[in-house]
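**Student:** Okay, here's the structure, questions in a sec.
The values are calculated or read from the model by the stated rules, or taken from the named source; none is laboratory data. Quick caveat, the model's predicted, so the values are computed rather than measured. Virtual Cβ from ideal backbone geometry, glycine too; neighbours counted across all protein chains shown. Heavy atoms of the whole protein, side chains included, go into the accessibility calculation; ligands, DNA and RNA do not. Shrake-Rupley method; radii C 1.70, N 1.55, O 1.52, S 1.80 Å.
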Amino acid sequence: MEQLNKLKSYFEEGQVEKVIFLIQQKLAEQDKIELNAAVAGETGAGKSTVINATRGLQNNDDGAAKVDVKEAIMKPTAYSHPNQFNVCYWDLPGIGSTKFPATTYPKKMKFERYDFFIIISACHFKENDAKLAKEIKQLRKNFYFVHTKIDQDLYSMRKRGSNKINEEEKLDDIRSKCVNNLREAGIRTLTMFLISNFIQDRYDFNRLNKALEDDLLYLQKSIIVLAYANQSVVIVQQKSKILQKRVWMSATILCAVGAVPIPGLSLACDITILIREIIYFRKCLGLDDASL
């Protein structure tokens, strides 16, 4: 509100250069915001595939996190989003080994750098997962338990039950078991996300996205939504609303520049800003040459 009141005051006073400066400052502020997400879990839990899925990549795409790697990672590995470079997912080594004991793990992994944590398991959450959650909780940071490969679990159940299973009941049963498993390890949580990395428009992938959005600050929320893979109409509509807010800021800059009586200045600024914004919008909406 303070910035909007300033903007209104500059307009009323005819201070065009201050209008331009304030809006350019706001746009630059949005572009510089960083978001770092830590993805933790045991080897084989599907961390790399989760990181690729959240970045809108297939496992064999350029820049994708490597999957089916036998040797365990020895340090946090960063994977930037292909279009939103200020969004970064970090693959963390497993906690509790001789090289990474729980007592020194937060310091070695530099927990303070991450905005939130996603703790992943492909079967049952274990004692080390609970230790990790407790350490994160002490830092007053958010963490989310994610059970991956839920499509494979349901497929196995159908094979054993001759395809006659109630999917919703089975999903509720798996959630309850995961929550109880964590409760026995000393972690009280009522939220569990069951996801398939290859079927993102089903199960709890959208619920996980919503939980992340609700817990982030306003500008961070905008950044993570723009970084989502375009897996549903809802996500595209969310992106549209955020980008529409950016439209008026760019348009205001162009109007303000147009009021400056210098021949050719308005046209030059119009083209520069227009091209920059079109390129940015195309990236956010996944409208690259290949997909078009």
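**Student:** Residue-wise, which Karplus ³J(HN,Hα) couplings in Hz belong to the range 81-89, taking 6.51 cos²θ - 1.76 cosθ + 1.60, θ = phi - 60°, and x for glycine or proline?
**Tutor:** 5, x, 10, 9, 5, 8, 9, 10, 10
**Student:** Along the Cα→Cβ direction, 7 angstrom out, place labels at L217 and K18. What is the inter-label distance in nm?
**Tutor:** Label at L217, label at K18, 2.6 nm between them.
**Student:** Over the chain, what is the relative contact order in whole percent, taking alpha-carbon pairs under 8 Å and six or more residues apart? Please report the intermediate quantities before stating the final value.
**Tutor:** On the way: 361 pairs, mean separation 55.3, N = 292.
The value is 19 percent.
**Student:** Counting other Cβ atoms within 10 Å of each Cβ, which trypsin sites (Lys or Arg not before Pro) in the range 164-238 have at most 16 and sit in a DSSP loop? Don't jump to the answer; show the numbers that get you there.
**Tutor:** Numbers: sites: K164, K170, R175, K177, R183, R188, R202, R207, K210, K221; in loops: K164, R188, R202.
Passing sites in the range 164-238 are K164, R188, R202.
**Student:** Another question about this same structure. Rounded, prolate or oblate: which fits the range 112-196 when a ≥ b ≥ c are the square roots of the eigenvalues of the alpha-carbon gyration tensor, with rounded for a/c under 1.5 and prolate only if a/b beats b/c?
**Tutor:** Details: a/c = 2.91, a/b = 2.27, b/c = 1.28.
Cα axes put the range 112-196 in the prolate bin.
**Student:** Could you look at the chain and say what percent of its accessible area is carbon and sulfur, using a 1.4 Å probe and all protein chains? Display every interim value, and only then the final one.
**Tutor:** Details: 9160 of 16820 Å².
C and S fraction of accessible area: 54 percent.
**Student:** Once you order the gyration tensor axes a ≥ b ≥ c over the Cα atoms, which shape class does the chain get: rounded for a/c under 1.5, otherwise prolate or oblate by comparing a/b with b/c? Could you put the intermediate results ahead of the total?
**Tutor:** Working: a/c = 2.39, a/b = 1.97, b/c = 1.21.
Prolate, because a/c is 1.5 or more and a/b exceeds b/c.
**Student:** So what is the accessible area of the chain per residue, in Å², with the probe set to 1.4 Å? Walk me through the intermediate numbers first.
**Tutor:** Numbers: 16820 Å² over 292 residues.
I get 58 Å² per residue for the chain.
**Student:** Could I ask something else about it? Rounded, prolate or oblate: which fits the range 189-249 when a ≥ b ≥ c are the square roots of the eigenvalues of the alpha-carbon gyration tensor, with rounded for a/c under 1.5 and prolate only if a/b beats b/c?
**Tutor:** On the way: a/c = 3.24, a/b = 1.58, b/c = 2.05.
Note, shape of the range 189-249 comes out oblate.
**Student:** At 1.4 Å probe size, with no ligands or nucleic acids counted, give the accessible surface of H124 in Å², nearest ten.
**Tutor:** Approximately 110 Å² of H124 is accessible to the 1.4 Å probe.
**Student:** Further question: Could you pull out every residue, at least 5 positions away or on a different chain, whose amide H is within less than 5 Å of the one on F143? Hs are placed 1.01 Å off N in the peptide plane, and Pro or chain starts have none.
**Tutor:** Amide H to amide H, under 5 Å and 5 or more residues apart or across chains, F143 pairs with F117.
**Student:** Let me ask something additional. Just grab the label-to-label distance for A28 and N230, each label 7 Å out from Cα along the Cβ direction, in nm (one decimal).
**Tutor:** 3.1 nm
**Student:** Treating each Cα of the range 1-141 as an identical point scatterer and ignoring solvent, apply the Debye formula and state log10 I(q)/I(0) at q = 0.10, 0.20 Å⁻¹.
**Tutor:** Per q value, in the given order, log10 I(q)/I(0) is -0.48, -1.17.
**Student:** Whole-Hz Karplus ³J(HN,Hα) for the range 122-128, in order, using 6.51 cos²θ - 1.76 cosθ + 1.60 and θ = phi - 60°, x for Gly and Pro?
**Tutor:** Each residue's phi maps through the Karplus curve to give 9, 9, 10, 6, 10, 4, 5 Hz.
**Student:** Something else about it: Which angle from 0 to 90°, rounded to the nearest 10, does the C-alpha axis of helix 233-258 make with the longest principal axis of the chain?
**Tutor:** Result, in degrees: 20.
**Student:** Using r as the Cβ-Cβ distance of I242 and E2, and R0 as 22 Å, what FRET efficiency do you calculate, to the nearest 0.05?
**Tutor:** Values: r = 21 Å, r/R0 = 0.97.
Calculated transfer efficiency: 0.55.
**Student:** Moving on. Determine the relative contact order of the range 1-120: mean sequence separation of Cα pairs under 8 Å and six or more apart, normalised by residue count, in whole percent. Can you show the working numbers first?
**Tutor:** Numbers: 143 pairs, mean separation 37.6, N = 120.
It rounds to 31 percent for the range 1-120.
**Student:** Take the chain, connect every pair of alpha-carbon atoms lying under 10 Å apart with a spring to form a Gaussian network, then pick out the residue of Q152, Q220, Q200 with the largest mean-square fluctuation.
**Tutor:** Fluctuation is largest for Q152.
**Student:** Return the percentage of antiparallel bridges among DSSP beta bridges fully within the chain, rounded to the nearest 5 %. Mind showing how you got there, number by number?
**Tutor:** Numbers: 4 of 22 bridges.
Antiparallel: roughly 20 percent of the beta bridges in the chain.
**Student:** So if a site counts as exposed when it's one of the GluC sites (Glu not before Pro), its DSSP state isn't H, G, I, E or B, and it has at most 13 other Cβ atoms within 10 Å, what's the longest stretch of the chain without one?
**Tutor:** So the longest stretch without any such site is 72-292.
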